[in-house]
Structure formats: C-alpha cells, structure tokens
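Here is the structure we will look at, set down as structure tokens.
The values are calculated or read from the model by the stated rules, or taken from the named source; none is laboratory data. No experiment lies behind these values; they were computed from the predicted model shown. Reconstructed Cβ throughout: ideal geometry from the backbone, glycine too, with neighbour counts over all protein chains shown.
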Amino acid sequence: MSLPVEAQPEPLEAQPPNVSDYDYSNFFYSTSDDPFAVLGPYNDWFERALPQGYYLFSQAMSTPPQGEINLTEGLERKQVRLINLSSYNYLGLSFRPEVIAAAKAALDRYGLGAAGSPILSGMMDIHVQLEEALAKFKLKEAAMVFPTGYSTNVGMIAGLMRPGDWVIADQNAHASIVDGAILSKANVRFFRHNNPADLERKLKHAAGKKLVAIEGVYSMDGDVCPLPELVAVAKKYGARIMLDEAHSAFVYGANGRGVAELYGLEDEVDIHIGTFSKALGGQGGYVAGPRSLYNYLKGFARSRVFSCALSPVVTAGVLKSLELAQAEPQLRDQLWDNVRYIRGLLDEAGVDVGESTSQVIPIMLRNDRRVFEICHKLLRAGIYLQPVIYPAVAKHRSRFRVSVSASHTREQLDAGVATLVHVLREERILV
C-alpha cells in the first residue's frame, strides 16, 4: 500500500554524513516547480550511498537462479560464488533441460518476439495454447495471458472497476494491486492485514460495485490469507473477490492450483490471478475466470491491449513448465520437504521469521540502518540474500527474505542457515 512520505531534505552537506539516515521517502517530494529539482539531492545521496554499500540491489548474476549462483558483487565489482536464498524459482523449473529445449524450439519457429500487441499482430498459436492449458488447469472457462505479473493486476483492476466503485484491498497488497486500483479511479480502501473483521467494517460503508483484492501468500511476510473467512465476509456484502496467487499457484493445493484449491474455494473466488515468474520460472501473468470476463478484458485491460504480447520463446518455456508442474507432483513434495527442513533449522537457532508459514521466509531485523551492513557481511560469507526496506515494507520492518526451492540441496540449506546464524550472532541480532 502507499505509505506516508516525508518532505525533501536540505542539501546533504547540511545534514549528518551517515547515508543510512536517508531512504527513498526523503526524495519523494520537491518544493520546486521543476520536476528535475529532486534529481540533484537524490543523486548526491545515491552517489555517496553506493560506495558505502547502502544500495545492494540489481547485482548481476551470470548463472541461472539455482541453488548456487555466480554474481558480480556491486561494491567491489568482482565475481563471487554464493548460495542463493533469494530466488522465486520455487520448483526449479527455469533451468530444466525440457523447458530450455521448448524455448529453443520456439525461437527457431517464431523468432525472438511477438512484434505486436495481442489484439493486433502479436497473438500466436503458442499464446492460444498456453491460455487454453491454463484455463484447463485452473478449471475455469478462460484464462488471459499478460506480459508481466504487474501488468496483470493493473490491467485487471483498472479494466473492470470505475469511478464511484470500490476496491477494498489488504493493506499488504502488492504494488500492482495498489496501482491498478489507483488507475481505475475507484474509491480505494485498505483493510488490516488478514483481518476479516476490518474487511467487514470497510464493506459496511461501501455502496455500489465492490471488489475485494487479496493474495494467497503475501510476498514480504510469507503468511497465507484466511481465505474462508474473507470469502464469507465478501459474499455477505455482495463483493466480488480477486485472489492473487503469484506466490501460491503451482505450489499449494493437492493439484497445485493454489490456496483457493487448498481451502476448497475455487468456485467462490471470482477472479484468479497468477504469475509465471515464480514457480514456473518464466515471465508473465494470467487472469482466469468466466469467459465473459475474458471477453471484456480483451477490450478494456489497457496494460495488455497496449503492450507487446509475451515473447513466444518465453511462452513456450512456460507452457512446458506448466506441463512439468502437473506431471511431477514430487516437485511440490520436495519443495515442502525443504521448507520444513529449513524452518526447523531456523527455529532451532531462534531466528525471527515473523508470521511466515510458507516457502517465503522473512528474516526479521527491524533495523533500517543496519540491514545493508549486515547484508554485505552475508555476501562476503557466501550467502545471497536481498535486503528488504521501505517502501517494499513499512519503516522499521526491514528484513532479509529467504525463498526456498525444490532444487535446493540439504547441504546448501545447512550451509546457508549456518552462515546466516553465525553472522546474526556476530552482529548481536541473535543472542
């Protein structure tokens, strides 16, 4: 959700020298009439922050997102070999030989890109095959493919909801849900995270068309939504339910159809959202639901209508990943075995993992000033973990985020946790 921001600071030379006194919130507004006025103060801070190790994002990997990776370390610009605990590649499908072969065959047949939007010249038979396979998998009349997961939520919400309508979302909803709600120009309200009683309070005061937007697994906290209770409240007030299963589709449920399947509520959820960039190891997203919704979004989901269609190369790889995810349920079994195993190690060491119950495991620091310093020490010790700070989470809720994969070996998990615990104890985060 959108968080409060502070006014632009004085020039940095008039401020304390510690770059960790600042974050993005300090550079959100400018009092000048020139849109570029904020760039100077921001870049002064950014250029100082880089050599001090404050900015640790966008470090380039030169290997697939597997259990161990090669990475160009951003501060010293050298190649390092790391245990990877940061990837969303939950089923290890992105580098499967069958997936790579399918993508290569599509490259030979279709070329690199679609070279057009899906409503004009960009729709190819491979896109149709993926949409039909997804609809069959999700047990829905139709499924629509989008070029990214972000554009899926933006296009779906802004395509359906209108000024005067109501979008009521969980306060921890992904930025794509928030942005879609804002673009729709509907009334937007947020209910307390995973709190059915607060959802009811918000719905009581919403007259007209209502959409409740929730997620199966929340990407920063790793907790699962209380779907039965939320569905009951939404139905009571005549609201439609949109469930984003970006981190739970292909992972949860007896057949991998997600949290909705886990709770037996697939028919009660009106709109099913998912992505290909997590468990399927590709790129893109989908909306699954009634054929009438598919037909309507063909005309009104602007993020799809006015974007180039998903590359046929990626589409073919995703289609093969979907096939493998269904044919090999042991991948989900292996993932959950690894999740239980690493959770046991973390629990035994007393590591604070917040409210997580999923394959997404936050390592709570709650210290915005020290998270980058500690991240550097982890990296030098051989662990790839990303710092998560405002605005991805609220201030003073900083953390690292462990993502577990079916492709992790026990040796990698053992070494990763041992190193993490050693550094946290050395830094007196753990006692």
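How many residues, within region 131-155, are assigned to a helix (DSSP H, G or I), farther than 13 Å from ARG304 by Cα, in contact (Cβ under 8 Å) with a residue 24 or more places away in the chain and out of contact with any strand residue (DSSP E or B) (no Cβ under 6 Å at 6 or more places or on another chain)? Residues flagged as assigned to a helix (DSSP H, G or I), farther than 13 Å from ARG304 by Cα, in contact (Cβ under 8 Å) with a residue 24 or more places away in the chain and out of contact with any strand residue (DSSP E or B) (no Cβ under 6 Å at 6 or more places or on another chain) within region 131-155 amount to 2. Among the criteria (1) surrounded by fewer than 19 Cβ atoms within 10 Å (Cβ to Cβ); (2) touching a helix residue (DSSP H, G or I) at 6+ places or on another chain (Cβ under 8 Å); (3) among the acidic types (Asp, Glu), the one ASP244 does not fulfil is (1). Of the conditions (1) buried (at least 22 other Cβ atoms within 10 Å of the Cβ); (2) farther than 21 Å from PHE250 by Cβ; (3) touching a strand residue (DSSP E or B) at 6+ places or on another chain (Cβ under 8 Å); (4) not basic (Lys, Arg), SER87 satisfies every one except a single condition; which number is it? Going through the list (1) buried (at least 22 other Cβ atoms within 10 Å of the Cβ); (2) farther than 21 Å from PHE250 by Cβ; (3) touching a strand residue (DSSP E or B) at 6+ places or on another chain (Cβ under 8 Å); (4) not basic (Lys, Arg), SER87 breaks only (2).
Scanning for something of a type in the set (Val, Ile, Thr), surrounded by fewer than 18 Cβ atoms within 10 Å (Cβ to Cβ), within 23 Å of LEU430 (Cβ to Cβ) and under 18 Å from the mean Cα position of the chain (by Cα), does region 352-365 turn up at least one residue? Within region 352-365 (the criterion being of a type in the set (Val, Ile, Thr), surrounded by fewer than 18 Cβ atoms within 10 Å (Cβ to Cβ), within 23 Å of LEU430 (Cβ to Cβ) and under 18 Å from the mean Cα position of the chain (by Cα)), the answer is yes, since at least one residue qualifies.
Only one entry in VAL393, VAL431, VAL388, VAL423 is surrounded by fewer than 16 Cβ atoms within 10 Å (Cβ to Cβ) and more than 24 Å from ASP337 (Cβ to Cβ), namely VAL431. From the list VAL402, VAL431, the lone residue that is farther than 30 Å from PRO329 by Cα and outside the structural domain of ASP23 (by TED's automatic domain parsing) is VAL431.
Let me confirm something: among LEU424, LEU378, LEU430, which residue is of a type outside the set (Phe, Trp, Tyr), modelled with pLDDT of 90 or more and farther than 26 Å from HIS247 by Cα? Before you say what the answer is, go through the steps one by one.
Numbers: LEU378 fails: farther than 26 Å from HIS247 by Cα; LEU430 fails: modelled with pLDDT of 90 or more.
Within the list LEU424, LEU378, LEU430, the selection yields LEU424.
Answer with yes or no whether LEU91 is closer than 30 Å to GLY416 by Cβ, outside the structural domain of ILE383 (by TED's automatic domain parsing) and not aromatic (Phe, Trp, Tyr). Taking the combined requirement at face value, the residue satisfies it. Of everything in region 110-130 that is assigned to a helix (DSSP H, G or I) and touching a residue at least 12 places away in the same chain (Cβ under 8 Å), the residue that is nearest to the chain's Cα centre (by Cα) is LEU130. If the condition is being buried (at least 19 other Cβ atoms within 10 Å of the Cβ) and either acidic (Asp, Glu) or assigned to a loop (DSSP other than H, G, I, E, B) (or both), then region 263-282 contributes TYR263, GLU266, VAL269, PHE276, SER277, LYS278, ALA279, LEU280, GLY281, GLY282.
Quick check on region 374-388. Is at least one of its residues without any contact (Cβ under 8 Å) to a residue 24 or more places away in the chain and closer than 21 Å to MET61 by Cα? For region 374-388, residues without any contact (Cβ under 8 Å) to a residue 24 or more places away in the chain and closer than 21 Å to MET61 by Cα: present. The set of residues in region 252-266 that are touching a residue at least 24 places away in the same chain (Cβ under 8 Å) and not aliphatic (A, V, I, L, M) comprises TYR252, ASN255, GLY256, ARG257, GLY258, TYR263, GLU266.
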